[in-house]
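Worksheet: one structure, shown below.
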Amino acid sequence: RAKQSTADGFLFYSQEMNRRSRERLKLEGALRRALEQGELSLHFQPQLCLTSHRVVGAEALLRWRHPEMGPIPPAEFIPLAEETGLIIPIGQWVINAACAQARAWQDQGLPLVRLAVNLSSRQFQPGLPQQISDTLARHRLTGDVLELEITESMLMHNSERVVAMMEEFQQAGLSLSLDDFGTGYSSLAYLKRFPIDNLKIDQSFVRGLPEDANDSAIARAIIGMAKALKLCVIAEGVETEAQLRFLAEAGCDEIQGYHFSPPLPADEFAALLARVNGAAGIASATPATTH
Ligand code: C2E
Ligand code: MG
Ligand code: MG
Ligand code: MG
(Lines give C-alpha, C1' and ligand atoms only; values in the text may rest on other atoms or scores of the structure.)
(Ligands and ions follow the chains in the order given, each with its own letter.)
Protein backbone atom coordinates (compact mmCIF):
# COMPACT_ATOMS: atom_id res chain seq x y z
CA ARG A 1 0.00 0.00 0.00
CA ALA A 2 2.81 2.31 0.90
CA LYS A 3 4.49 1.40 -2.37
CA GLN A 4 1.28 2.10 -4.20
CA SER A 5 0.97 5.61 -2.78
CA THR A 6 4.64 6.35 -3.52
CA ALA A 7 4.05 5.32 -7.11
CA ASP A 8 0.92 7.44 -7.22
CA GLY A 9 2.89 10.28 -5.69
CA PHE A 10 5.56 9.96 -8.31
CA LEU A 11 3.01 9.78 -11.08
CA PHE A 12 1.28 12.85 -9.73
CA TYR A 13 4.63 14.61 -9.38
CA SER A 14 5.68 13.92 -12.94
CA GLN A 15 2.26 14.88 -14.27
CA GLU A 16 2.50 18.10 -12.30
CA MET A 17 5.99 18.73 -13.73
CA ASN A 18 4.70 18.07 -17.22
CA ARG A 19 1.81 20.40 -16.74
CA ARG A 20 4.11 23.14 -15.46
CA SER A 21 6.64 22.80 -18.26
CA ARG A 22 3.80 22.80 -20.81
CA GLU A 23 2.44 25.99 -19.26
CA ARG A 24 5.86 27.53 -19.29
CA LEU A 25 6.32 26.66 -22.95
CA LYS A 26 2.92 28.09 -23.72
CA LEU A 27 3.75 31.32 -21.88
CA GLU A 28 7.11 31.52 -23.63
CA GLY A 29 5.47 31.18 -27.04
CA ALA A 30 2.89 33.76 -26.05
CA LEU A 31 5.59 36.18 -24.87
CA ARG A 32 7.47 35.74 -28.14
CA ARG A 33 4.32 36.69 -30.03
CA ALA A 34 3.44 39.49 -27.60
CA LEU A 35 6.27 41.59 -28.96
CA GLU A 36 5.13 41.17 -32.58
CA GLN A 37 1.42 41.49 -31.82
CA GLY A 38 1.75 44.76 -29.98
CA GLU A 39 0.53 43.36 -26.67
CA LEU A 40 3.19 45.18 -24.64
CA SER A 41 2.85 48.70 -23.33
CA LEU A 42 4.42 50.99 -20.77
CA HIS A 43 2.80 52.51 -17.73
CA PHE A 44 4.38 55.49 -16.04
CA GLN A 45 4.59 55.97 -12.29
CA PRO A 46 5.27 59.57 -11.27
CA GLN A 47 8.15 60.41 -8.96
CA LEU A 48 7.39 63.33 -6.68
CA CYS A 49 10.03 65.70 -5.34
CA LEU A 50 9.37 66.29 -1.65
CA THR A 51 10.82 69.82 -1.64
CA SER A 52 9.36 71.30 -4.85
CA HIS A 53 6.18 69.17 -4.77
CA ARG A 54 6.60 68.66 -8.47
CA VAL A 55 6.71 65.53 -10.55
CA VAL A 56 10.37 65.25 -11.51
CA GLY A 57 10.32 61.94 -13.32
CA ALA A 58 8.53 58.69 -13.96
CA GLU A 59 9.42 55.04 -13.86
CA ALA A 60 8.40 53.23 -17.03
CA LEU A 61 6.94 49.84 -16.10
CA LEU A 62 6.24 47.13 -18.63
CA ARG A 63 2.69 45.84 -19.04
CA TRP A 64 1.56 42.78 -20.99
CA ARG A 65 -2.06 42.15 -21.87
CA HIS A 66 -2.62 38.78 -23.50
CA PRO A 67 -5.79 38.66 -25.66
CA GLU A 68 -7.19 35.62 -23.76
CA MET A 69 -5.22 35.40 -20.52
CA GLY A 70 -5.59 39.11 -19.81
CA PRO A 71 -2.95 41.16 -17.99
CA ILE A 72 0.10 39.15 -16.92
CA PRO A 73 2.21 40.75 -14.16
CA PRO A 74 5.92 41.50 -14.74
CA ALA A 75 6.81 39.28 -11.78
CA GLU A 76 5.59 36.35 -13.92
CA PHE A 77 6.94 37.18 -17.35
CA ILE A 78 10.16 39.14 -16.65
CA PRO A 79 11.94 36.13 -15.06
CA LEU A 80 10.82 34.00 -18.04
CA ALA A 81 12.06 36.67 -20.46
CA GLU A 82 15.38 36.69 -18.62
CA GLU A 83 15.76 32.90 -18.70
CA THR A 84 14.91 32.61 -22.38
CA GLY A 85 16.92 35.60 -23.57
CA LEU A 86 13.71 37.30 -24.76
CA ILE A 87 14.61 40.14 -22.38
CA ILE A 88 17.08 41.38 -25.01
CA PRO A 89 14.49 42.26 -27.70
CA ILE A 90 11.93 43.16 -25.00
CA GLY A 91 14.43 45.44 -23.28
CA GLN A 92 15.15 47.14 -26.61
CA TRP A 93 11.43 47.57 -27.12
CA VAL A 94 11.12 49.21 -23.68
CA ILE A 95 13.92 51.72 -24.31
CA ASN A 96 12.51 52.56 -27.73
CA ALA A 97 8.96 52.92 -26.39
CA ALA A 98 10.11 55.19 -23.56
CA CYS A 99 12.02 57.41 -26.01
CA ALA A 100 9.09 57.49 -28.46
CA GLN A 101 6.83 58.59 -25.59
CA ALA A 102 9.25 61.29 -24.45
CA ARG A 103 9.41 62.59 -28.03
CA ALA A 104 5.59 62.60 -28.31
CA TRP A 105 5.23 64.52 -25.03
CA GLN A 106 7.88 67.00 -26.06
CA ASP A 107 6.04 67.55 -29.36
CA GLN A 108 2.81 68.15 -27.41
CA GLY A 109 4.59 70.88 -25.45
CA LEU A 110 4.53 69.02 -22.14
CA PRO A 111 7.27 69.88 -19.67
CA LEU A 112 9.67 67.00 -20.15
CA VAL A 113 10.53 64.78 -17.22
CA ARG A 114 13.16 62.10 -16.87
CA LEU A 115 11.99 58.57 -17.65
CA ALA A 116 13.53 55.69 -15.75
CA VAL A 117 13.68 52.26 -17.38
CA ASN A 118 14.54 49.01 -15.62
CA LEU A 119 17.45 47.01 -16.95
CA SER A 120 18.03 43.29 -16.49
CA SER A 121 21.59 42.09 -16.04
CA ARG A 122 21.43 40.20 -19.33
CA GLN A 123 20.96 43.51 -21.14
CA PHE A 124 24.17 44.85 -19.64
CA GLN A 125 26.32 43.94 -22.62
CA PRO A 126 28.99 45.83 -24.59
CA GLY A 127 26.60 46.92 -27.35
CA LEU A 128 24.12 48.56 -24.96
CA PRO A 129 25.54 52.12 -24.76
CA GLN A 130 25.64 52.38 -28.57
CA GLN A 131 22.14 50.93 -28.89
CA ILE A 132 20.78 53.44 -26.38
CA SER A 133 22.51 56.41 -27.96
CA ASP A 134 21.20 55.36 -31.40
CA THR A 135 17.68 55.14 -29.98
CA LEU A 136 17.97 58.57 -28.35
CA ALA A 137 19.29 60.06 -31.62
CA ARG A 138 16.50 58.46 -33.66
CA HIS A 139 13.98 60.25 -31.43
CA ARG A 140 16.00 63.49 -31.36
CA LEU A 141 16.49 63.27 -27.59
CA THR A 142 19.43 64.00 -25.34
CA GLY A 143 20.67 61.51 -22.75
CA ASP A 144 19.32 63.46 -19.78
CA VAL A 145 15.76 62.23 -20.47
CA LEU A 146 16.76 58.68 -19.58
CA GLU A 147 17.58 57.08 -16.29
CA LEU A 148 18.64 53.46 -16.03
CA GLU A 149 17.58 51.41 -13.03
CA ILE A 150 19.96 48.63 -12.19
CA THR A 151 20.10 46.27 -9.24
CA GLU A 152 22.85 45.34 -6.84
CA SER A 153 23.20 41.87 -8.38
CA MET A 154 24.41 43.49 -11.61
CA LEU A 155 27.31 45.03 -9.77
CA MET A 156 28.61 41.70 -8.51
CA HIS A 157 30.06 40.50 -11.79
CA ASN A 158 32.56 41.93 -14.28
CA SER A 159 32.96 45.02 -12.21
CA GLU A 160 35.56 46.69 -14.43
CA ARG A 161 33.50 46.27 -17.57
CA VAL A 162 30.38 47.41 -15.74
CA VAL A 163 32.08 50.52 -14.33
CA ALA A 164 33.31 51.44 -17.84
CA MET A 165 29.81 51.07 -19.25
CA MET A 166 28.26 53.06 -16.43
CA GLU A 167 30.74 55.87 -17.03
CA GLU A 168 29.89 55.79 -20.71
CA PHE A 169 26.21 56.25 -19.85
CA GLN A 170 26.92 59.16 -17.53
CA GLN A 171 29.09 60.86 -20.14
CA ALA A 172 26.11 60.62 -22.49
CA GLY A 173 24.03 62.45 -19.85
CA LEU A 174 22.00 59.50 -18.57
CA SER A 175 21.54 58.99 -14.85
CA LEU A 176 21.88 55.72 -13.00
CA SER A 177 19.72 54.43 -10.16
CA LEU A 178 20.33 51.57 -7.82
CA ASP A 179 16.90 49.89 -7.57
CA ASP A 180 15.56 47.83 -4.64
CA PHE A 181 18.44 49.10 -2.52
CA GLY A 182 19.07 47.01 0.55
CA THR A 183 17.53 43.76 -0.71
CA GLY A 184 20.44 42.37 -2.71
CA TYR A 185 23.98 41.63 -1.73
CA SER A 186 24.23 45.14 -0.36
CA SER A 187 27.87 45.83 -0.19
CA LEU A 188 28.48 49.41 0.78
CA ALA A 189 31.65 49.18 -1.30
CA TYR A 190 29.40 49.29 -4.39
CA LEU A 191 28.40 52.82 -3.54
CA LYS A 192 32.01 53.85 -3.59
CA ARG A 193 33.17 51.82 -6.56
CA PHE A 194 30.33 52.39 -9.00
CA PRO A 195 29.20 55.71 -10.47
CA ILE A 196 25.61 56.00 -9.23
CA ASP A 197 23.30 59.03 -9.09
CA ASN A 198 20.25 57.75 -7.21
CA LEU A 199 19.44 55.23 -4.53
CA LYS A 200 15.97 53.73 -4.46
CA ILE A 201 14.97 52.56 -1.00
CA ASP A 202 13.16 49.27 -1.49
CA GLN A 203 9.47 49.17 -0.60
CA SER A 204 10.09 46.42 1.94
CA PHE A 205 11.70 49.06 4.22
CA VAL A 206 8.96 51.61 3.55
CA ARG A 207 6.08 49.29 4.40
CA GLY A 208 6.59 49.41 8.17
CA LEU A 209 7.07 53.18 8.41
CA PRO A 210 6.67 55.00 10.68
CA GLU A 211 5.75 52.49 13.45
CA ASP A 212 8.30 49.74 12.84
CA ALA A 213 11.51 50.66 14.68
CA ASN A 214 13.74 48.58 12.39
CA ASP A 215 12.31 49.95 9.16
CA SER A 216 12.56 53.49 10.56
CA ALA A 217 16.20 52.98 11.51
CA ILE A 218 17.05 51.42 8.14
CA ALA A 219 15.26 54.14 6.16
CA ARG A 220 16.98 56.88 8.15
CA ALA A 221 20.37 55.19 7.75
CA ILE A 222 19.98 54.83 3.98
CA ILE A 223 18.88 58.46 3.64
CA GLY A 224 21.78 59.67 5.82
CA MET A 225 24.29 57.62 3.89
CA ALA A 226 22.91 58.79 0.52
CA LYS A 227 23.19 62.42 1.67
CA ALA A 228 26.77 61.94 2.84
CA LEU A 229 27.67 60.41 -0.52
CA LYS A 230 25.77 63.19 -2.36
CA LEU A 231 23.34 60.76 -3.95
CA CYS A 232 19.70 61.51 -4.58
CA VAL A 233 17.49 59.19 -2.54
CA ILE A 234 14.04 58.03 -3.57
CA ALA A 235 11.63 55.86 -1.61
CA GLU A 236 9.54 53.26 -3.44
CA GLY A 237 6.14 51.87 -2.50
CA VAL A 238 4.93 54.85 -0.46
CA GLU A 239 1.30 54.04 0.26
CA THR A 240 0.30 56.30 3.15
CA GLU A 241 0.44 59.91 4.26
CA ALA A 242 2.25 58.81 7.45
CA GLN A 243 5.01 57.12 5.41
CA LEU A 244 5.34 60.22 3.25
CA ARG A 245 5.59 62.47 6.29
CA PHE A 246 8.24 60.30 7.91
CA LEU A 247 10.32 60.26 4.72
CA ALA A 248 10.00 64.02 4.19
CA GLU A 249 11.14 64.68 7.76
CA ALA A 250 14.03 62.24 7.40
CA GLY A 251 15.25 64.21 4.37
CA CYS A 252 14.30 61.82 1.56
CA ASP A 253 14.43 63.65 -1.79
CA GLU A 254 11.71 61.92 -3.80
CA ILE A 255 8.92 59.41 -3.41
CA GLN A 256 7.09 56.99 -5.66
CA GLY A 257 4.06 54.96 -4.67
CA TYR A 258 0.31 54.40 -4.68
CA HIS A 259 -0.23 57.22 -2.16
CA PHE A 260 0.66 59.79 -4.80
CA SER A 261 -0.17 57.73 -7.89
CA PRO A 262 -0.08 54.17 -9.24
CA PRO A 263 1.66 53.54 -12.57
CA LEU A 264 -0.55 55.21 -15.23
CA PRO A 265 -1.16 54.79 -18.95
CA ALA A 266 0.66 57.46 -20.98
CA ASP A 267 -2.31 59.79 -21.49
CA GLU A 268 -3.27 59.74 -17.80
CA PHE A 269 0.32 60.41 -16.80
CA ALA A 270 0.45 63.40 -19.17
CA ALA A 271 -2.77 64.79 -17.65
CA LEU A 272 -1.39 64.40 -14.12
CA LEU A 273 1.86 66.06 -15.12
CA ALA A 274 0.07 69.06 -16.59
CA ARG A 275 -2.17 69.30 -13.51
CA VAL A 276 0.51 68.95 -10.82
CA ASN A 277 3.44 70.75 -12.42
CA GLY A 278 1.21 73.28 -14.14
CA ALA A 279 -0.49 74.24 -10.86
CA ALA A 280 2.81 74.23 -8.92
CA GLY A 281 4.32 76.42 -11.64
CA ILE A 282 1.49 78.96 -11.44
CA ALA A 283 1.52 78.94 -7.64
CA SER A 284 5.24 79.57 -7.36
CA ALA A 285 5.23 82.17 -10.15
CA THR A 286 2.48 84.12 -8.37
CA PRO A 287 3.64 84.97 -4.88
CA ALA A 288 0.76 85.76 -2.55
CA THR A 289 1.69 89.42 -1.97
CA THR A 290 -1.82 90.81 -2.41
CA HIS A 291 -4.89 90.02 -0.35
P1 C2E B 1 10.57 47.71 -9.57
O2 C2E B 1 11.47 48.22 -10.62
O3 C2E B 1 11.08 47.77 -8.18
O4 C2E B 1 9.22 48.54 -9.72
C5 C2E B 1 8.40 48.91 -8.66
C6 C2E B 1 7.20 47.99 -8.55
O7 C2E B 1 6.41 48.39 -7.41
C8 C2E B 1 6.25 48.06 -9.73
O9 C2E B 1 5.67 46.77 -9.87
C10 C2E B 1 5.20 49.05 -9.25
O11 C2E B 1 3.95 48.92 -9.92
C12 C2E B 1 5.08 48.66 -7.81
N13 C2E B 1 4.59 49.73 -6.96
C14 C2E B 1 4.62 51.06 -7.16
N15 C2E B 1 4.10 51.73 -6.14
C16 C2E B 1 3.72 50.82 -5.23
C17 C2E B 1 3.10 50.90 -3.92
O18 C2E B 1 2.82 51.97 -3.39
N19 C2E B 1 2.89 49.72 -3.27
C20 C2E B 1 3.23 48.52 -3.84
N21 C2E B 1 2.97 47.42 -3.14
N22 C2E B 1 3.80 48.40 -5.06
C23 C2E B 1 4.04 49.54 -5.74
P24 C2E B 1 5.47 46.09 -11.30
O25 C2E B 1 5.09 47.11 -12.31
O26 C2E B 1 4.59 44.91 -11.10
O27 C2E B 1 6.93 45.59 -11.66
C28 C2E B 1 7.57 44.64 -10.87
C29 C2E B 1 9.02 44.51 -11.22
O30 C2E B 1 9.16 44.02 -12.57
C31 C2E B 1 9.77 45.83 -11.20
O32 C2E B 1 10.14 46.19 -9.89
C33 C2E B 1 10.96 45.49 -12.09
O34 C2E B 1 11.94 44.80 -11.37
C35 C2E B 1 10.34 44.54 -13.10
N36 C2E B 1 10.04 45.29 -14.34
C37 C2E B 1 8.97 46.04 -14.67
N38 C2E B 1 9.10 46.57 -15.91
C39 C2E B 1 10.31 46.15 -16.36
C40 C2E B 1 11.06 46.35 -17.59
O41 C2E B 1 10.65 47.08 -18.50
N42 C2E B 1 12.26 45.70 -17.70
C43 C2E B 1 12.77 44.93 -16.69
N44 C2E B 1 13.94 44.35 -16.88
N45 C2E B 1 12.11 44.74 -15.54
C46 C2E B 1 10.91 45.33 -15.37
MG1 MG C 1 12.55 49.85 -10.89
MG1 MG D 1 11.96 50.44 -8.49
MG1 MG E 1 12.29 48.56 -6.89
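Would you mind classifying segment 182-252 by shape? Square roots of the alpha carbon gyration tensor eigenvalues, ordered a ≥ b ≥ c; an a/c under 1.5 is rounded, otherwise it is prolate if a/b is larger than b/c and oblate if not. Taking the square roots of the gyration eigenvalues as a ≥ b ≥ c, segment 182-252 is prolate. Starting from the Cα gyration tensor of the chain, take the square roots of the eigenvalues, sort them a ≥ b ≥ c, and report rounded, prolate or oblate (rounded when a/c is under 1.5, otherwise prolate if a/b is larger than b/c, else oblate). Note, shape of the chain comes out prolate. For the chain, the carbon plus sulfur part of the accessible surface works out to 54%, probe radius 1.4 Å. Please report the antiparallel percentage of DSSP beta bridges with both residues in the chain, rounded to the nearest 5. Beta bridges within the chain, antiparallel portion: roughly 40 percent. How far, in degrees from 0 to 90, does helix 2-37 lean away from the longest principal axis of the Cα atoms of the chain, to the nearest 10? Tilt relative to the chain: about 50 degrees.
Helix 128-138 and the longest principal axis of the Cα set of the chain meet at an angle near 60°. Restriction of the trypsin sites (Lys or Arg not before Pro) in segment 177-281 to DSSP coil positions whose beta-carbon has at most 14 other beta-carbons within 10 angstrom yields Arg207, Lys230. Pop the C-beta distance of Gln130 and Asp8 into the FRET formula with R0 = 51 Å and round what comes out to the nearest 0.05. With R0 = 51 Å, the Cβ-Cβ based efficiency is 0.35. Once both labels are positioned 7 Å from their Cα atoms along Cα-to-Cβ, the gap between Thr183 and Ala100 label points is 2.9 nm.
The base-10 log of I(q)/I(0) for segment 12-154, evaluated at q = 0.15 Å⁻¹, reads -0.83 [Debye formula, identical scatterers on Cα atoms, solvent excluded]. The string of couplings for segment 193-202 from the Karplus curve (6.51, -1.76, 1.60, θ = phi - 60°) is 7, 9, x, 10, 9, 10, 10, 9, 5, 5 Hz, one whole number per residue in order, with x for Gly and Pro.
For the chain, the solvent-accessible area of protein heavy atoms averages 52 Å² per residue (probe radius 1.4 Å; ligands and nucleic acids excluded). With respect to the chain, whose longest principal axis is taken over its alpha-carbon atoms, helix 266-285 is tilted by about 20°.
If you take all other residues with their beta carbon under 13 Å from the beta carbon of Arg33, and give Lys and Arg +1 and Asp and Glu -1, the sum is -1. Report D for segment 104-216 in µm² per second (integer): Stokes-Einstein, Kirkwood Rh on Cα pairs, 25 °C, 0.890 mPa s. For the chosen part, D equals 158 µm²/s.
The values are calculated or read from the model by the stated rules, or taken from the named source; none is laboratory data. As the structure is a computational prediction, the values presented were derived from the model and not from experiment. No Cβ is skipped: glycine too gets one built from the backbone with ideal geometry, and neighbour counts run over all protein chains shown. SASA here: full protein model, heavy atoms, side chains in, ligands and nucleic acids out. Shrake-Rupley method; radii C 1.70, N 1.55, O 1.52, S 1.80 Å.
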